[in-house]
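Colleague: Got a structure here, written out as structure tokens. Questions coming.
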Amino acid sequence: MTGPEEPKESAPQPAEGTPKPARRRRRRRRPRGGGQSKATQGTTSTRAAPAGDPATPATPRANTGRKRSRRKPKGTGAKKAGAQRGPKIPTTKEVSAGGVVYRRTDEGIEVVLASRRTRRGQLAWGLAKGGIEIGETREQAAIREVREETGLTADIEVDLGDTKYMYVWDDIRIRKTVHFFLMRHTGGNVEERDDEMEEIRWFPMDRAIKRAAYRGERDMLVKASELLR
């Protein structure tokens with residue numbers, strides 16, 4: 001037989017009037033990344049209310065990322081630039097047509113150049129050309145101008161394209177376009193040319209390219225040379 005069970009010992013009860021021990025509070029861990037919580041990241045910063053005025057709420061200030069630029073005083077650069085401009089020159093357009101007239105000889109290909117005096121009195125060699133009259137086509141104007149300025153007749157073979165340039169004449173700016181054609185010599189007499197031209201002369205192709213006074217006409221002579229090879 002076993003003896004009587006011994007009573008279990010119960011936890012000692014605090015005496016009446018003794019204060020209970022305080023519970024230990026757990027400290028919340030702050031999220032990593034600069035000390036801001038996920039809810040507050042990306043929000044705009046706020047200004048603290050000025051001291052002594054607790055009733056004034058903090059005003060949010062948006063961070064736009066723009067730099068403040070210093071404003072220039074009005075009426076400085078624009079007026080000076082406008083004051084230096086002179087009177088506007090009137091502008092007009094002109095369209096002309098002309099030709100590179102060639103012939104074949106035993107020595108090779110020759111082309112016609114006509115000479116005239118510039119406003120400065122210099123002698124300039126170039127291709128026959130002139131304005132297109134009312135009712136004329138480019139081709140008709142080119143044939144007529146060649147006949148009037150050189151006294152020669154010629155037939156059109158190929159369209160060489162056009163050249164554009166600008167010059168000032170009697171205080172007027174002129175934007176000019178000249179259409180050129182490759183033309184084969186068929187006859188005529190240089191003595192029957194207009195008095196505007198001082199001299200009409202046949203040149204070998206390579207010399208004509210060097211002798212022509214204007215770049216656009218030299219380009220046309222180069223095109224003609226390539227086609228006639």
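The values are calculated or read from the model by the stated rules, or taken from the named source; none is laboratory data. A quick note: this is a predicted structure, and the numbers were derived from the prediction, not measured. We place every Cβ from the backbone using ideal geometry, glycine too, and count neighbours over all the protein chains shown. SASA here: full protein model, heavy atoms, side chains in, ligands and nucleic acids out. Shrake-Rupley method; radii C 1.70, N 1.55, O 1.52, S 1.80 Å.
Colleague: In the stretch 110-201, which trypsin sites (Lys or Arg not before Pro) fall in coil by DSSP and have 12 or fewer other Cβ atoms within 10 Å?
Modeller: Arg119, Arg120
Colleague: Related question: Give the shape of the stretch 144-229 as rounded, prolate or oblate, defined through the alpha-carbon gyration tensor: a ≥ b ≥ c are the square roots of its eigenvalues, a/c under 1.5 means rounded, and otherwise the shape is prolate if a/b is larger than b/c and oblate if not.
Modeller: Note, shape of the stretch 144-229 comes out oblate.
Colleague: For Thr186 and Asp155, compute 0.36 nm times the residue count separating them, minus their Cα-Cα distance, and round to one decimal in nm.
Modeller: 10.5 nm
Colleague: Can you give the local net charge around Gly99? Use residues other than it whose beta-carbon is closer than 9 angstrom to its beta-carbon, Lys and Arg +1, Asp and Glu -1.
Modeller: Net of charged neighbours comes to 0.
Colleague: Moving to a separate point now. For the stretch 99-195, which GluC sites (Glu not before Pro) are both in a DSSP coil and crowded by at most 13 other Cβ atoms within 10 Å?
Modeller: Qualifying residues, ordered by number: Glu107, Glu133.
Colleague: Another question, if that's okay. Using only the Cα atoms of the stretch 131-173, what do you get for the radius of gyration and for Dmax, in Å?
Modeller: 13.2, 38
Colleague: Distance cut-off 23 Å, Cα to Cα: go down the list Lys93/Lys223; Lys88/Lys129; Lys164/Lys223 and report the pairs above it.
Modeller: From the list (Lys93/Lys223; Lys88/Lys129; Lys164/Lys223), the Cα-Cα distance tops 23 Å for Lys93/Lys223; Lys88/Lys129.
Colleague: In addition: Residues with amide H under 5 Å of Gly99's amide H, sequence separation 5 or more or different chain, H placed in the peptide plane at 1.01 Å from N; which?
Modeller: Sorted by chain and number, the residues that satisfy this are Ala128, Phe181.
Colleague: While we're here: Taking only protein heavy atoms into account and a 1.4 Å probe, give the accessible area per residue of the stretch 164-221 in Å².
Modeller: 64
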